[in-house]
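Undergrad: Once you've had a glance at the structure underneath, I'll fire off some questions.
The values are calculated or read from the model by the stated rules, or taken from the named source; none is laboratory data. Predicted, not measured: the structure shown is a model, and the values here were computed from it. Using ideal geometry, Cβ is built from the backbone for each residue, glycine included, and neighbour counts are taken over all protein chains shown.
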Amino acid sequence: MTIEDQELYRELLAQIKADWQSLPDKPEETPETTLKTLWFLAYGLPRAIGCQTLGELPLLSEAEESALREYVSRRLEGIPLAHLTERQCFMELEFLASEAALIPRRETELLGYAALEKLYGLVEARGGVKVVDLCTGAGNLALALAHYEQNCVVYGCDLSAEAVALAEANAEYLQMMDMVQFLVGDLFAPLDAAGIGPVDLVTCNPPYISSGNLEKMPEEISAHEPQLAFDGGPFGVSLIMRLIKEAPEYLKPASWLCFEVGLGQGEAMLRRIQNNANYQTVESITNPAGAIRAILTQTR
Ligand SMILES: C[S@@+](CC[C@H](N)C(=O)[O-])C[C@H]1O[C@@H](n2cnc3c(N)ncnc32)[C@H](O)[C@@H]1O
């Protein structure tokens, strides 16, 4: 008989299913994956969903069983799973997660893998290249790019010193301290301050929720993740508009700016780029439902 057939598993799965609130931006979390993840956590093995196959559930001691019941209650109270495990998977790498920064989302992998393709092309054409990930949060995009393409120097910048501290902890966790440097400051300002010259690739997952919609966000998000990670100003696109305007000054010719957009923002941002003489081409990346979620544009 496997653990899944046993009373404790069936009881807790039924409890989770009864009170389950799914979030569209965490599609990897289901009642089953949640229970399995919490089960391993209670056993002393914190793991992020998706990074490694979880394997057979282990038998729990009495103390571990009560820890599991406590984790299930806290999850059903709305504590994010990634905050219980202190882990989140992004582009198949496991990152540390905490209240200091946004929990990396699956949807941002669209931007990550599209930017990685551009990075591979740039390295092939130019040899070593310089990359900056703005609004780096936990450092997930910066570290994933540096992990998958090592012929580059990567900087990650964020206005939040707490987020940068978590990004640095992630660099240590992934043993990539010498591959990515993290800096604190407003958008491109850290590059000026550190005297970092023009770069070949800029990535950014900016805050893009309109200020008025912030209070409509599910409590699991608004109560546990920093508001700075979401607030995109009155129309949601304040940071994106600055990014489009300011990036050409920091990018070499024929270099790429790649960024995420919120649902419904893509078309207007594409038009904005098409009307900006500093860019020569623009591409969009859509999600499986056909909505634009990332934009990639090349300087002249
Ligand atoms: C949506 S989160 C993205 C986090 C991470 N890059 C990811 O994709 O998971 C946006 C990040 O932008 C940062 N941020 C907000 N305003 C900023 C600004 N003016 N300059 C730099 N970073 C900013 C926030 O602190 C937050 O970490």
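Undergrad: Among helices (runs of 4 or more DSSP H) lying entirely in the stretch 181-265, which contain 3 or more residues that are out of contact with any strand residue (DSSP E or B) (no Cβ under 8 Å at 6 or more places or on another chain)?
TA: Answer list for the stretch 181-265: 219-222, 238-250.
Undergrad: Here is a follow-up. Run down Glu28, Glu32, Glu11 and say which single residue is at pLDDT 90 or above and loosely packed, with under 13 Cβ neighbours inside 10 Å.
TA: Selected residue: Glu11, the only one of Glu28, Glu32, Glu11 that is at pLDDT 90 or above and loosely packed, with under 13 Cβ neighbours inside 10 Å.
Undergrad: Mind checking which helices (runs of 4 or more DSSP H) fall wholly inside the stretch 16-121 and carry at least 1 residues that are more than 15 Å from the chain's Cα centre (by Cα) and among the acidic types (Asp, Glu)?
TA: Counting at least 1 such residues, we get 31-42, 62-76.
Condition check ((1) surrounded by 14 or more Cβ atoms within 10 Å (Cβ to Cβ); (2) in contact (Cβ under 8 Å) with a residue 12 or more places away in the chain; (3) over 22 Å from Arg106 (Cβ atoms)) across all residues:
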position	(1), (2), (3)
Met217	yes, yes, no
Ile221	yes, yes, no
Glu225	yes, yes, no
Arg242	yes, yes, yes
Glu249	no, yes, yes
Glu283	yes, yes, no
Ala289	no, no, no
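Undergrad: If the requirement is being within 11 Å of the ligand (Cβ to nearest atom), small (Gly, Ala, Ser), part of a strand (DSSP E or B) and at pLDDT 95 or above, which of these qualifies: Gly137, Gly156?
TA: Going through Gly137, Gly156 in turn, just one is within 11 Å of the ligand (Cβ to nearest atom), small (Gly, Ala, Ser), part of a strand (DSSP E or B) and at pLDDT 95 or above: Gly156.
Undergrad: Any idea which of Ala144, Ala97, Ala125 is closer than 26 Å to Ala254 by Cα, surrounded by 22 or more Cβ atoms within 10 Å (Cβ to Cβ) and more than 9 Å from the ligand (Cβ to nearest atom)?
TA: Of the residues listed, the single one that is closer than 26 Å to Ala254 by Cα, surrounded by 22 or more Cβ atoms within 10 Å (Cβ to Cβ) and more than 9 Å from the ligand (Cβ to nearest atom) is Ala144.
Undergrad: Confirm whether Val153 is among the β-branched types (Val, Ile, Thr), in contact with a Lys or Arg (Cβ under 7 Å, 6 or more places away or on another chain) and touching a residue at least 24 places away in the same chain (Cβ under 8 Å).
TA: Considered against the rule, which asks whether it is among the β-branched types (Val, Ile, Thr), in contact with a Lys or Arg (Cβ under 7 Å, 6 or more places away or on another chain) and touching a residue at least 24 places away in the same chain (Cβ under 8 Å), Val153 comes out as yes.
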